[in-house]
1. Residue pairs, Cβ under 7 Å, 6 or more apart or interchain, first in region 25-38 and at positive phi, second modelled with pLDDT under 95 and open to solvent by 20 Å² or more (accessible area, probe 1.4 Å). List them.
2. With respect to Gly294, is the statement that it is surrounded by 22 or more Cβ atoms within 10 Å (Cβ to Cβ) and under 20 Å from Lys259 (Cβ atoms) true?
3. Among the residues of region 55-72, are any without any contact (Cβ under 8 Å) to a residue 60 or more places away in the chain and open to solvent by 40 Å² or more (accessible area, probe 1.4 Å)?
4. If Lys259 satisfies all but one of (1) open to solvent by 10 Å² or more (accessible area, probe 1.4 Å); (2) at pLDDT below 95; (3) not small (Gly, Ala, Ser), what's the number of the condition it fails?
5. Of all residues in region 268-285, which are open to solvent by less than 10 Å² (accessible area, probe 1.4 Å) and among the hydrophobic types (A, V, I, L, M, F, W, C)?
6. Please name all residue pairs, on different chains or six or more residues apart, with Cβ atoms under 6 Å, provided the first residue is in region 80-96 and is more than 17 Å from Arg163 (Cα to Cα) and the second residue is of a type outside the set (D, E, K, R) and open to solvent by 90 Å² or more (accessible area, probe 1.4 Å).
7. Let me spell it out: the conditions are (1) at pLDDT 95 or above; (2) closer than 19 Å to Gln240 by Cβ, and Asn264 meets all of them except one. Which number is the exception?
8. Suppose we keep only residues that are of a type in the set (A, V, I, L, M) and part of a loop (DSSP other than H, G, I, E, B) within region 8-64. Which one would you say is nearest to Leu340 (Cα to Cα)?
Amino acid sequence: PRGLVRVSKRDPMYFEFDNGELFWPNGINMRDGGDDAEKQKGTYDFDYFFRRFQEEGLNFVRTWMCAWWGGIEWSDEYHSRFDDVGRYNMYNAWRLDYMFDLADRHDLFIELTLNSHGQLRRDKYDQEWQYNPYAARNGGYLPSPSMFFTSEQAKADFRKRYRYVVARWGYSQHLMSYDLWNEIDLSEGPNAAQIAAWHKEMAQYLRELDPWDHLICTHVCLPGGFGNALWDLDEIEYIQADAYWQPWSKKMNEFYEGKKQYRNKPMLFIEYGPQTADLPVPYNIWAREWRVAGWTGNMMPMAAPPQFWYHQEWDRYQLYRFQQAMAAFNAGHDRRGMDLHALELTALPDKKVFAQAMQGRRIAFLYAYCWPNFQYDAPEQVPAVERCRDGVVVLTGLTPGFYQVEWWDPCTGQIVSTSQLQATGPRTTIQLPEFAQDIAAKLIRAEV
């Protein structure tokens with residue numbers, strides 16, 4: 001009855017269903033059923049996690065058509081289940097059938113990633129070229145990965161695969177979008193103009209094929225200007241990138257500021273969490289990364305909070321508690337039409353305290369955190385002498401007026417205190433209440 005997920009007609013910075021109901025992605029990445037093709041749990045993992053996602057209130061999952069999970073076209077050099085170009089792997093195709101049935105049962109909306117950067121790399125960044133059936137070394141016709149985006153034969157073969165994907169899985173209302181590439185800027189010898197031209201042509205073909213008009217997107221890894229050639233395309237309907245790099249209050253804002261010209265498209269951070277090169281890390285790092293990066297992104301004018309990368313650790317360390325707290329904070333706020341914009345933080349006297357803020361119509365949102373105190377596993381473990389006292393945030397651009405301030409605990413999703421605030425000029429000083437690790441606030445402007 002809701003229909004499919006679309007870019008909102010009411011406010012194109014957000015998503016909604018055909019019936020006009022807001023779709024606010026509150027989800028996670030579950031790339032696969034396990035990295036090892038032979039030892040992975042496969043659909044059994046999806047049985048468990050899709051149920052857990054629904055139990056904890058999630059509604060969005062991103063998964064990949066990678067060779068070891070749901071990919072249907074690859075080389076038998078990788079595994080005997082594959083039979084090179086144009087002969088599709090029914091074993092993995094059945095897995096996606098099963099996954100979409102689960103998504104329907106648990107009301108989860110899927111961003112289906114069709115290809116990943118490693119398939120076009122010979123050296124670093126998850127190289128998989130040695131197994132690519134399009135590679136000349138495997139009997140294909142491409143001498144090098146960099147030739148892929150201009151090869152007419154490769155385009156023809158991809159069109160055939162797209163036709164099969166749409167025919168087999170396009171029926172699903174729980175297919176939110178086709179994600180053409182994961183981290184395409186990490187492909188070998190990336191040429192932004194050639195990659196953009198390929199995306200335009202192939203997205204147009206996919207749109208012609210798909211009678212349901214599912215959303216089409218793609219994905220870059222690194223902040224900067226590479227993605228602009230992609231985001232300029234009408235065919236790429238929303239913007240997504242990663243948020244793995246500290247300090248998040250700087251890096252995430254740099255990406256957002258660099259993409260502000262695309263106010264006609266939804267934008268989100270599709271991956272974040274600890275760097276894989278740093279693993280394993282202790283619990284306090286998992287909690288810190290989820291909360292600090294997650295809440296920083298939640299206080300930005302985007303189509304969704306950042307989507308965590310690590311689904312197993314989400315479950316093992318009960319990080320869903322923090323996700324529920326954020327959902328409680330966000331509840332009741334349909335951001336469409338709120339005219340949200342970031343507020344400038346002009347002064348933080350205590351350099352250990354960082355903050356992120358935004359304002360919309362008659363309301364503003366604020367998140368502040370004390371970086372050193374995340375060395376502890378939980379707020380209650382922070383010694384009294386190290387708690388943040390007398391913290392001050394100075395905002396530029398807060399609309400003058402009287403505000404009722406609700407102070408929220410980002411761990412529990414509960415209001416811990418209230419206060420009043422009067423904004424009278426271009427800069428507003430906000431006195432933070434005492435807190436251990438982090439605190440969030442809603443500033444609700446009184447009616448005139």
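1. Gly34/Gln40; Gly34/Lys41
2. So Gly294 passes the test.
3. Yes, the conditions are met somewhere in region 55-72.
4. (1)
5. Leu268, Phe269, Ile270
6. Going by the 6 Å Cβ cut-off, the qualifying pairs are Arg81/Tyr91.
7. (1)
8. Met13
The values are calculated or read from the model by the stated rules, or taken from the named source; none is laboratory data. Just so it is clear, the structure is predicted and the values come from calculations on it, not from any experiment. Neighbour counts run over all protein chains shown; Cβ positions are idealised from the backbone, glycine included. Heavy atoms of the whole protein, side chains included, go into the accessibility calculation; ligands, DNA and RNA do not. Shrake-Rupley method; radii C 1.70, N 1.55, O 1.52, S 1.80 Å.
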